[in-house]
1. Which ³J(HN,Hα) values, rounded to whole Hz and listed in residue order, are derived for the stretch 9-16 from phi using the Karplus coefficients 6.51, -1.76 and 1.60 in 6.51 cos²θ - 1.76 cosθ + 1.60 with θ = phi - 60°, glycine and proline given as x?
2. Students often forget the sequence filter, so: which aspartates and glutamates lie under 15 Å Cα-Cα from Lys54 once same-chain residues fewer than 8 apart are removed?
3. Can you tell me the Rg and Dmax of the stretch 4-58, counting just the alpha carbons, in angstroms?
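None of the figures in this text is laboratory data; all of them are computed from the coordinates on show. Because the structure is predicted, anything quoted here is derived from the model rather than measured.
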Amino acid sequence: MIQKEDITRLINEAKKEIDRLEARRSTALGNSINYVENEIRIQRLESEIEAYEKVLNLV
């Protein structure tokens, strides 16, 4: 069964990855494709966090 600690760990890992990707915004990403890929990853992680938080409320 899924534990609250496991879900919390997944949330924290996703937040760390978002922080890392947001830091990349300030660096030159080379071209617009890299920028768009970076932004898509951030949005995907934000959605994952939202889903994890909903599951956490159910556990």
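1. Once θ is set to phi - 60°, the couplings for the stretch 9-16 become 5, 5, 4, 5, 5, 5, 5, 4 Hz.
2. Glu5, Asp6, Glu46
3. Every Cα atom of the stretch 4-58 included, Rg and Dmax give 13.1, 42 Å.
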